[in-house]
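The block underneath contains the structure these notes are about, expressed in structure tokens.
The values are calculated or read from the model by the stated rules, or taken from the named source; none is laboratory data. Owing to the predicted nature of the structure, the values given are computational and were not obtained by experimental measurement. Note that each Cβ is placed from the backbone with ideal geometry, even for glycine, and that neighbours are counted across all protein chains shown. All accessible areas refer to the heavy atoms of the entire protein, side chains included, with ligands and DNA or RNA removed. Shrake-Rupley method; radii C 1.70, N 1.55, O 1.52, S 1.80 Å.
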Amino acid sequence: MNSSTTSTTRAPKKTKIVVWILLAVAVIAAVIGYFVAQNNSTAATPATDAAATEQQVVRENSRVLSQAPDEKAVLVEFLDFECEACGAAYPFVEELRAEHSDNVTFVQRYFPLPGHLNSMNAAVAVEAAAQQDAYEDMYKKMFDTQAQWGESADNKSALFRTYAEDLGLDMAAYDTAVADPATEERVKLDIADGKALGVTGTPTFFLDGKMLNVQSLDEFKAAVAATAAN
């Protein structure tokens, strides 16, 4: 009798453990799958003029997540704040930043996808915050809360405004930036550059001007580490 009871009470715990393991594997697989899919879809893209390509990958007004004091490599990410794969890649990118902050500069560029109803709104909100030197804070806020607003059919601009308030931004300046067509045009510039480079989905990464072609997260880390060591 006691043995039967113990077996019954332990079963749900085992089930939960299995579920969490499967979820973790699924997230990692999703990130790897997106990396591989983007690289495969752009593998046959014709080479362009080197100087023009470099300008498209990183511009003077591109948003620098962190500048390496002893820069040896530049990692650029084209991202969509509503993209689940970008959300899954977010902690991985932060891990890379912590490990290579001294010699790898991290740059991010907007690439909101048309299938995500709030991706442009989110990008505009982040860019408005960036104009007050709060890019990193707003970028983290978007991914930390993505599960709360992602895939919503409602306009979440009002919610994004509360994020700006939480960060202590000048709200008059924020509202002006959001309403200014130039802010959205700034986002669209990144989209245009991404398309010119063969970006078709997110996240897509470029390491020192070249699209990363990796088959696993370990290969991704190794590529960054090898470039940073040169």
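Which one is farthest from Lys221 (Cα to Cα), of the residues in the range 163-211 that are in contact with an Asp or Glu (Cβ under 7 Å, 6 or more places away or on another chain), in a helix (DSSP H, G or I) and among the β-branched types (Val, Ile, Thr)? Working first, answer last.
Filtering the range 163-211 for residues in contact with an Asp or Glu (Cβ under 7 Å, 6 or more places away or on another chain) gives 167, 171, 183, 186-187, 202-203, 205, 209.
Next cut, in a helix (DSSP H, G or I) only: 171, 183, 186-187.
If we keep only those that are among the β-branched types (Val, Ile, Thr) as well, we get 183, 187.
Working: Thr183: 33, Val187: 28 Å.
So the residue we want is Thr183.
When you check Arg161 against the structure, is it of a type in the set (D, E, K, R) and within 18 Å of Phe206 (Cα to Cα), yes or no?
For Arg161, the condition - of a type in the set (D, E, K, R) and within 18 Å of Phe206 (Cα to Cα) - is not met.
Which residue out of Glu127, Glu219, Glu151 is more than 22 Å from Ser101 (Cβ to Cβ), out of contact with any Leu (no Cβ under 6 Å at 6 or more places or on another chain) and open to solvent by 10 Å² or more (accessible area, probe 1.4 Å)? Working first, answer last.
Values: Glu127 fails: open to solvent by 10 Å² or more (accessible area, probe 1.4 Å); Glu219 fails: more than 22 Å from Ser101 (Cβ to Cβ).
Going through Glu127, Glu219, Glu151 in turn, the sole match is Glu151.
Whether any residue in the range 175-182 is within 19 Å of Glu77 (Cα to Cα) and open to solvent by less than 60 Å² (accessible area, probe 1.4 Å) is what I want to check.
no
Looking at Gly201, Gly209 in this structure, which one is touching a residue at least 40 places away in the same chain (Cβ under 8 Å), on the phi > 0 side of the Ramachandran plot and in contact with a helix residue (DSSP H, G or I) (Cβ under 6 Å, 6 or more places away or on another chain)?
Values: Gly201 fails: on the phi > 0 side of the Ramachandran plot.
Of the residues listed, the single one that is touching a residue at least 40 places away in the same chain (Cβ under 8 Å), on the phi > 0 side of the Ramachandran plot and in contact with a helix residue (DSSP H, G or I) (Cβ under 6 Å, 6 or more places away or on another chain) is Gly209.
Report yes if some residue within the range 181-201 is in contact with a strand residue (DSSP E or B) (Cβ under 6 Å, 6 or more places away or on another chain) and more than 13 Å from Phe81 (Cβ to Cβ); otherwise report no.
Yes, the range 181-201 contains at least one residue that is in contact with a strand residue (DSSP E or B) (Cβ under 6 Å, 6 or more places away or on another chain) and more than 13 Å from Phe81 (Cβ to Cβ).
When you go through Glu77, Glu84, Glu99, Glu95 one by one, which is the residue that is open to solvent by 30 Å² or more (accessible area, probe 1.4 Å), under 10 Å from the mean Cα position of the chain (by Cα) and at pLDDT 95 or above?
Glu84
Can you name the residue in the range 130-146 that is open to solvent by 10 Å² or more (accessible area, probe 1.4 Å) and part of a loop (DSSP other than H, G, I, E, B) and is also farthest from Asn61 (Cα to Cα) among such residues?
Checking each candidate, the answer is Thr145.
Under 6 Å between Cβ atoms, at least 6 apart or on separate chains: pull out the pairs that start in the range 153-178 with a residue that is closer than 14 Å to Asp137 by Cβ and end on any residue that is charged (D, E, K, R) and in a helix (DSSP H, G or I).
Tyr163/Lys141; Leu167/Asp137
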